[in-house]
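Below is one structure, written out as structure tokens; the observations come after it.
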Ligand SMILES: Nc1ncnc2c1ncn2[C@@H]1O[C@H](COP(=O)(O)OP(=O)(O)OP(=O)(O)O)[C@@H](O)[C@H]1O
Ligand SMILES: [Mg+2]
């Protein structure tokens, strides 16, 4: 294959989202094409069309000039088009090996699981993305699931490989490994499409950058283009990167964890930390080193097996999510879809989920819908949430806008402590800037923030102080400018 | 009755009563593992029973009866598959529709065909002894003196289990029942697999219905009397696994056998209470051991591509 052409692709989702509006794009063998665009620009939709998952309303797909009919993913697989999906296409209750080989089990009606597992493990080592073939997918952390999703696409072998945000949850080392494989593939004459919101990755791996906005191609640039220019092209205006303004008067201790241990894989062991009013404390660490346990302990969802948690100077005797929320701690959860929003419910319901009573929108068990919707509309305007109306279901919003709903709801509760876990994962540059601004505003008002993030750039950019989490322990503290040292601590090297 | 005779007849009755539950339950497992909720087991069993009656009456042969039983139950499964998979109907409603249709249609056909002529004799399926094994004291005469279909049912359990959990085709069924969009993205034919799985449940119910009929060799209105719902309970109690269905079927069968033995010994027992046992046990299984049983994730959810 020399090239895959998408010509004049239209796709509209009911009732009125035009995800792709006359997009034309050429994917060439031997090159890495980066697709950039805001959340909701239509990148995923376009690539799902190229891989047969979604049918376009209009448009042509040509392979070396021959029209293809992609009626199903099976057709696309037959034409050598493979995809790593942003929302993983994994089957939770099957094993890693079964997921990887599904549909490509090889000869024989009876499965030889031992052989398949061995094969999958060998293969995963060869491509430098280790997976444990025997485990069930629903036992895996999100980073591991991402590796499985990538390994599967590579295992099938593809002429055209589409990678939809494959690096959002990978560690820097894993990302390097993936990039090595991608370069080998391009060198071997395959075509690769790479989607990411991390602009420095794009300039590192791409041969060509195409920018989508509102379902249209707005520009094509070489990868050497300054990142600021790429960001501006995506958003349609210059993006300001908010930065920590110095000198917020440090107040009282807002949150204190001492000798805290918990269950989890890994859980926390003997974690102690102090967070003061008016500061952002960064929790750095490679994914899977106890961040989830910490997040859940702070939110009262996961019990402490030993140690104490104190809020506003008083030690909590009985830890429960309600008690913690009442004492002014809110959480922006890392698993947005599971813990952050009720996807089928409307925007206004999600915005007022926890506070209907407190704000007086519920009386004697009946909702005051009109007043509640008005309040929700205010929040939508204040936080720049893009939605058709407050009655639209949250599940239909783009990732960035779903996250804005969560943040608007949590900050509207006027908390004293905000626990923000991976708050900008999967968000575009504009939405990321918005989230950062909200957190910095909270700090400026004298609030405390615990920022749990696997993104070292984010940690260094926002934090006043940094704790590093490694295998469930705090292995060190650092200032935000000690990047090298934090990196070493994250890798478990004594620094 | 001697104690030995009680044990022998208890075991024999248990196996007899379990057989249609095993057939229906296996049908339910196959269908639901692919993601199609199968409330229609009751109706499909009934159609299978009528099919055997009509087929055996017309051809005068057991195999004619079995063939028509399987064909007609599979045809009703096709209707369910069309409603649930193709038309994307609510699967509870689709299943109930099949049940109501089965009840009405078998009644109507019975009246229309045999109403005046009276019930024709149909060839039944007597007990088949397995040489040597049937001479084992106490259990031999009960375990190895059964209808051919009982052997088929009990041998089908490991066979279906192997097929579902050890073969490529089985893996595809599981994948489709857990997350059809992911199975689709992997290139599996979601619709085809679901159709075939539902049709397979029709075959199982055809055999189960035939067994119910050969117990009495005559057809009567709604003669399955809720066995299909008990099979549905066995599917849930058995955690959507063939072996689990077997355990549930034996348990439910044993309770019913116990009830009839107690009755034959002249002890008065609350019959209705015994009838409720399968459902009570299932409720306990579902609520008591939270997390023990878990339905396939996409069970009952139509797959729509966008
Ligand atoms: N199945 C669907 N039903 C309704 N709307 C949809 C559906 N899939 C996508 N959309 C909408 O289409 C638009 C484009 O979505 P898409 O997922 O392609 O964006 P994206 O560029 O991949 O964004 P992100 O960077 O957040 O992944 C969005 O407005 C989204 O809400
Ligand atoms: Mg996307």
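The values are calculated or read from the model by the stated rules, or taken from the named source; none is laboratory data. What you are looking at is a predicted structure, and each value in this text was computed from that prediction instead of being measured. Positions of Cβ are generated from backbone atoms using ideal geometry, with glycine treated the same way; all protein chains shown enter the neighbour counts.
Could you tell me how many of the residues in the stretch A:382-403 are in a helix (DSSP H, G or I), within 12 Å of ligand 1 (Cβ to nearest atom) and more than 14 Å from chain B (Cβ to nearest Cβ)? Explain how you work it out, then say what you get.
First pass over the stretch A:382-403, keeping only residues in a helix (DSSP H, G or I): A:382, A:394-396, A:399-403.
If we keep only those that are within 12 Å of ligand 1 (Cβ to nearest atom) too, we end up with A:394-396, A:399-403.
Restricting the remaining residues to those that are more than 14 Å from chain B (Cβ to nearest Cβ) gives A:394, A:399-403.
Qualifying residue count for the region: 6.
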Given the conditions (1) away from chain A (no Cβ under 14 Å); (2) within 17 Å of residue B:36 (Cβ to Cβ), every one holds for residue B:169 apart from (1)
Quiz item: Of the residues that make up the stretch A:12-22, is at least one without any contact (Cβ under 8 Å) to a residue 60 or more places away in the chain and within 22 Å of the chain's Cα centre (by Cα)?
Solution: no
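Among the helices (runs of 4 or more DSSP H) contained in the stretch B:210-306, which hold 3 or more residues that are surrounded by fewer than 13 Cβ atoms within 10 Å (Cβ to Cβ) and out of contact with any helix residue (DSSP H, G or I) (no Cβ under 6 Å at 6 or more places or on another chain)? Working first, answer last.
Values: elements: B:227-237, B:242-264, B:271-288.
Counting at least 3 such residues, we get B:271-288.
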Here the residues within the stretch A:87-114 that are within 15 Å of residue A:153 (Cβ to Cβ), touching a strand residue (DSSP E or B) at 6+ places or on another chain (Cβ under 9 Å) and more than 8 Å from chain B (Cβ to nearest Cβ) are A:87, A:96
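Tell me, please, whether a residue that is more than 16 Å from ligand 1 (Cβ to nearest atom) and buried (at least 17 other Cβ atoms within 10 Å of the Cβ) can be found in the stretch A:35-53. Steps first, please.
First pass over the stretch A:35-53, keeping only residues more than 16 Å from ligand 1 (Cβ to nearest atom): none.
No: zero hits.
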Going through (1) away from chain B (no Cβ under 14 Å); (2) surrounded by fewer than 16 Cβ atoms within 10 Å (Cβ to Cβ); (3) within 16 Å of ligand 1 (Cβ to nearest atom) one by one, residue A:60 fails only at (3)
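Out of B:204, B:182, B:200, which single residue is within 14 Å of chain A (Cβ to nearest Cβ) and buried (at least 19 other Cβ atoms within 10 Å of the Cβ)? Show your work before the answer.
Values: B:204 fails: within 14 Å of chain A (Cβ to nearest Cβ); B:200 fails: within 14 Å of chain A (Cβ to nearest Cβ).
Just a single option satisfies the conditions, and that option is B:182.
So that you can scan it fast, the table gives a plain yes or no per residue for (1) at positive phi; (2) out of contact with any helix residue (DSSP H, G or I) (no Cβ under 8 Å at 6 or more places or on another chain):
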| site | (1), (2) |
| --- | --- |
| A:8 | yes, yes |
| A:32 | no, no |
| A:41 | no, no |
| A:46 | no, yes |
| A:54 | no, no |
| A:57 | no, yes |
| A:81 | no, no |
| A:95 | no, no |
| A:114 | no, yes |
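Does residue A:173 fit the bill of being more than 14 Å from every other protein chain (Cβ to nearest Cβ) and free of Cβ contacts under 8 Å to residues at least 24 places away in the same chain?
Numbers: more than 14 Å from every other protein chain (Cβ to nearest Cβ): yes; free of Cβ contacts under 8 Å to residues at least 24 places away in the same chain: yes.
Yes.
Quickly run through the stretch A:404-423 and pick out the residues that are more than 13 Å from residue A:341 (Cα to Cα) and either within 11 Å of ligand 1 (Cβ to nearest atom) or crowded, with 22+ Cβ neighbours inside 10 Å (or both).
Taking the stretch A:404-423 and keeping what is more than 13 Å from residue A:341 (Cα to Cα), we get A:411-423.
Across the stretch A:404-423, the qualifying residues are A:417, A:418, A:419, A:420, A:421, A:422, A:423.
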When (1) touching a residue at least 24 places away in the same chain (Cβ under 8 Å); (2) more than 20 Å from the chain's Cα centre (by Cα) are applied to residue A:143, the one that fails is (2)
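Output the residues belonging to the stretch A:28-47 that are more than 9 Å from ligand 2 (Cβ to nearest atom) and either part of a strand (DSSP E or B) or outside the structural domain of residue A:231 (by TED's automatic domain parsing) (or both).
Of all residues in the stretch A:28-47, those more than 9 Å from ligand 2 (Cβ to nearest atom) come to A:28-36, A:38, A:46.
Once the filter is applied, which keeps residues that are more than 9 Å from ligand 2 (Cβ to nearest atom) and either part of a strand (DSSP E or B) or outside the structural domain of residue A:231 (by TED's automatic domain parsing) (or both), the stretch A:28-47 yields A:28, A:32, A:33, A:34, A:35, A:36.
Here is a check on your reading of the model: is residue A:117 under 22 Å from residue B:190 (Cα atoms), within 14 Å of another protein chain (Cβ to nearest Cβ), touching a residue at least 12 places away in the same chain (Cβ under 8 Å) and surrounded by fewer than 23 Cβ atoms within 10 Å (Cβ to Cβ)? Steps first, answer last, please.
Details: under 22 Å from residue B:190 (Cα atoms): no; within 14 Å of another protein chain (Cβ to nearest Cβ): yes; touching a residue at least 12 places away in the same chain (Cβ under 8 Å): yes; surrounded by fewer than 23 Cβ atoms within 10 Å (Cβ to Cβ): yes.
Against the criterion (under 22 Å from residue B:190 (Cα atoms), within 14 Å of another protein chain (Cβ to nearest Cβ), touching a residue at least 12 places away in the same chain (Cβ under 8 Å) and surrounded by fewer than 23 Cβ atoms within 10 Å (Cβ to Cβ)), residue A:117 does not qualify.
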How many residues of the stretch B:185-197 are in contact with a helix residue (DSSP H, G or I) (Cβ under 7 Å, 6 or more places away or on another chain) and more than 12 Å from chain A (Cβ to nearest Cβ)? The answer is 3
- Message: Can you say whether residue A:429 is more than 14 Å from every other protein chain (Cβ to nearest Cβ), without any contact (Cβ under 8 Å) to a residue 60 or more places away in the chain, within 14 Å of ligand 1 (Cβ to nearest atom) and crowded, with 23+ Cβ neighbours inside 10 Å, as far as the supplied structure shows?
- Response: no
Within the stretch A:48-63, residues over 25 Å from residue A:187 (Cα atoms) and away from ligand 2 (no atom under 14 Å from the Cβ) come out as A:52, A:55, A:56, A:57, A:58, A:59, A:60
The residue from A:84, A:148, A:142 that alone is more than 10 Å from chain B (Cβ to nearest Cβ), surrounded by 23 or more Cβ atoms within 10 Å (Cβ to Cβ) and within 16 Å of ligand 1 (Cβ to nearest atom) is A:84
Per the list (1) within 16 Å of ligand 2 (Cβ to nearest atom); (2) within 14 Å of chain B (Cβ to nearest Cβ), residue check on residue A:25 breaks on (2)
Listed by range, strands (runs of 3 or more DSSP E) wholly within the stretch A:159-273 having at least 3 residues that are more than 16 Å from ligand 1 (Cβ to nearest atom) are A:253-262
Within the stretch A:176-216, residues being within 16 Å of ligand 2 (Cβ to nearest atom) and without any contact (Cβ under 8 Å) to a residue 40 or more places away in the chain number 2
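Can you work out which of the residues in the stretch A:120-139 that are more than 13 Å from chain B (Cβ to nearest Cβ) and in a helix (DSSP H, G or I) is nearest to the chain's Cα centre (by Cα)?
Of everything passing the filter in the stretch A:120-139, A:139 is nearest to the chain's Cα centre (by Cα).
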